[in-house]
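Trainee: Got a structure here, written out as structure tokens. Questions coming.
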Amino acid sequence: KKYDEILTIALQNYQKNFSENESVRKYALSRGLTQEILSFFKIGYSGEYGLNLSLFGNFNQKELIESGIFFYDEKNNKLIDRFKNRLIFPIFDYNNKVIGFGGRALSQNYLAKYINSPETEFFKKGFNLYNLNNAKNQNKQSGIVFVVEGYMDVISLYQAGFKNVVATLGTAMTESHLNLIWRYFNDPIVCFDGDRSGQNAAHKISEKLIAYMKPNYSLSFLILPNGFDPDSFVRKNGKNAFESLLDQKIDIGNFIFENNLQDLKSALPEERAGFEKKIMDLCLLIQDSTVKKHYVSFFKNKIFEQFSNRKIKNLKPLNKTKELTRKITRYSSFELKEFSLMYLFLNNIQILKNQSKKFSLINFHNKNLEELKKVLLNILEKIETFKEFNLLKHLEENNFSQIINDINEFSSIKGISENLNEEKFDNFLEDLIEQVNNLKLESKLKDAEESLSKNMNEA
């Protein structure tokens with residue numbers, strides 16, 4: 001009870017400081033937040049010197065430190081408010097009792113932009129979620145709740161009308177978090193930043209939490225466009241745009257499969273075997289035997305569909321096989337590798353737009369591919385986003401149908417190089433360019449050897 005009193009006194013005075021400090025209020029409002037939403041979330045402010053100890057005259061030093069608000073400064077022999085000169089986000093448990101605080105630095109002098117209360121006997125980060133006290137009563141019909149990373153993500157989404165939103169408190173999502181969410185919602189959607197760290201965090205969470213999946217409860221993932229977090233996305237694009245992103249959410253099974261598929265660097269059998277082993281090892285971690293059985297079946301079917309290319313159902317007659325062989329022999333080994341290179345570009349067009357200068361420096365030996373490159377560079381200059389632009393249709397209308405067919409037919413990286421993140425795209429690109437250059441060098445050496453042999457014979 002003493003800690004409840006300490007935290008309540010702190011909350012009241014943080015709010016009082018916020019209401020009295022015009023510059024801090026202006027800063028909060030400049031982030032697109034309304035006064036109403038700031039009051040609803042009880043946003044506060046700890047001044048330049050923190051809370052005055054005289055407010056806590058009824059409590060001893062040990063109790064104040066254990067509350068998580070103060071720490072002892074040995075150098076100056078005094079208690080310090082750990083949240084001084086920070087915007088304050090009060091943290092409530094699901095029974096609406098204040099249990100801790102988050103603080104955002106308002107000065108460049110702090111190493112940590114955000115800090116939270118330390119772990120205490122009443123504040124366990126792995127067992128609490130920001131805004132669950134409000135979210136638990138929202139949208140029970142849909143069963144959906146957004147799980148985001150930050151306080152501002154929660155507040156901006158809530159203000160935009162997405163009241164079913166919670167955030168972890170500076171820790172990775174845990175089994176305890178998942179079970180706590182499932183008490184109120186059966187379809188949580190992990191919605192992280194669109195940058196590389198956000199994607200990596202979501203990937204790690206998916207592989208950790210699949211072990212705890214159970215009947216009739218799901219977990220999905222939604223990765224925002226690169227450069228956005230939920231806060232910035234909804235402020236810039238609005239509620240409807242964020243709502244439309246729901247169509248892109250991916251269930252945990254497909255999310256794990258697609259992420260691991262992107263790690264495949266080649267279609268070699270041993271690479272595929274490693275991929276399959278990792279997926280099946282994750283299945284073995286699933287604790288519920290029924291869920292485990294269905295995930296094993298799900299992943300086996302996905303693996304078969306991915307790597308069979310439906311060849312069992314579409315075996316080519318002998319004459320078609322001969323025709324394909326004749327077509328392949330029209331091209332040199334490095335031209336065939338160039339088809340894979342162009343396949344990579346065409347299936348990651350938005351990344352290509354960001355790397356158009358690098359693309360322009362590639363000289364394709366195949367004349368049709370070189371011509372296609374020039375057309376693509378022209379398109380990249382004119383088109384901002386490819387969401388509503390049908391690139392394939394445009395190329396076919398400009399007499400590139402045959403070369404597009406050859407690219408699709410002869411690429412050796414089909415199924416493992418589509419919709420990559422930028423890092424994996426760069427890895428593929430580097431490998432393919434090296435392979436093309438090596439094959440070109442081999443071809444030149446072979447031509448030189450043949451020429452030398454011919455000259456010697458003539459001599």
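The values are calculated or read from the model by the stated rules, or taken from the named source; none is laboratory data. From a predicted model like this one, the values you see are computed outputs, not experimental measurements. So basically every Cβ, Gly included, is an ideal-geometry build from the backbone, and we count neighbours across all protein chains shown.
Trainee: Kindly provide the set of residues from the range 264-284 that are in contact with an Asp or Glu (Cβ under 9 Å, 6 or more places away or on another chain) and in contact (Cβ under 8 Å) with a residue 60 or more places away in the chain, ordered by number.
Mentor: Matches in the range 264-284: Leu264, Lys265, Ser266, Leu282.
Trainee: Still on this model: Report yes if Phe275 is under 25 Å from Leu178 (Cβ atoms) and either in a helix (DSSP H, G or I) or among the charged types (D, E, K, R) (or both), otherwise no.
Mentor: On the way: under 25 Å from Leu178 (Cβ atoms): no; either in a helix (DSSP H, G or I) or among the charged types (D, E, K, R) (or both): yes.
No; evaluated as a whole, the condition is false for this residue.
Trainee: Being touching a Leu at 6+ places or on another chain (Cβ under 7 Å), modelled with pLDDT under 90 and assigned by TED's automatic domain parsing to the domain that holds Asn200 narrows it down to one of Leu268, Leu245, Leu264, so name that one.
Mentor: Going through Leu268, Leu245, Leu264 in turn, the sole match is Leu245.
Trainee: Here's something else I'd like to know. Looking at the range 156-179, which of its residues are within 19 Å of Glu207 (Cα to Cα) and either among the charged types (D, E, K, R) or not in a loop (DSSP other than H, G, I, E, B) (or both)?
Mentor: Glu175, Ser176, His177, Leu178, Asn179
Trainee: Does the range 99-145 hold any residues that are of a type in the set (A, V, I, L, M), over 19 Å from Cys191 (Cβ atoms) and not in a loop (DSSP other than H, G, I, E, B), and which are they? Break it down stepwise before answering.
Mentor: Residues of the range 99-145 that are of a type in the set (A, V, I, L, M), as a first pass: 99, 105-106, 111-112, 115, 129, 132, 135, 144-145.
Now restrict to residues that are over 19 Å from Cys191 (Cβ atoms): 99, 105-106, 111-112, 115.
Once the filter is applied, which keeps residues that are of a type in the set (A, V, I, L, M), over 19 Å from Cys191 (Cβ atoms) and not in a loop (DSSP other than H, G, I, E, B), the range 99-145 yields Ile99, Ala105, Ile115.
Trainee: Then there is this: Among the residues of the range 300-320, are any at pLDDT 50 or above, among the β-branched types (Val, Ile, Thr) and under 18 Å from Lys214 (Cα atoms)?
Mentor: no
Trainee: Looking only at the range 167-188, which residues are crowded, with 24+ Cβ neighbours inside 10 Å and either under 17 Å from the mean Cα position of the chain (by Cα) or closer than 18 Å to Lys239 by Cβ (or both)?
Mentor: Passing the criteria: Ala167, Met173, Pro188.
Trainee: Continuing with the same structure: For the range 31-41, does any single residue satisfy the condition of being within 21 Å of Leu111 (Cβ to Cβ), of a type outside the set (Phe, Trp, Tyr), surrounded by 12 or more Cβ atoms within 10 Å (Cβ to Cβ) and at pLDDT below 95?
Mentor: Taking every residue of the range 31-41 in turn, none turns out to be within 21 Å of Leu111 (Cβ to Cβ), of a type outside the set (Phe, Trp, Tyr), surrounded by 12 or more Cβ atoms within 10 Å (Cβ to Cβ) and at pLDDT below 95.
Trainee: Then there is this: For residues that are modelled with pLDDT under 95 and in contact with a helix residue (DSSP H, G or I) (Cβ under 7 Å, 6 or more places away or on another chain), scanning just the range 192-213, find the one that is surrounded by the most Cβ atoms within 10 Å (Cβ to Cβ).
Mentor: So, considering only residues that are modelled with pLDDT under 95 and in contact with a helix residue (DSSP H, G or I) (Cβ under 7 Å, 6 or more places away or on another chain), the one surrounded by the most Cβ atoms within 10 Å (Cβ to Cβ) is Phe192.
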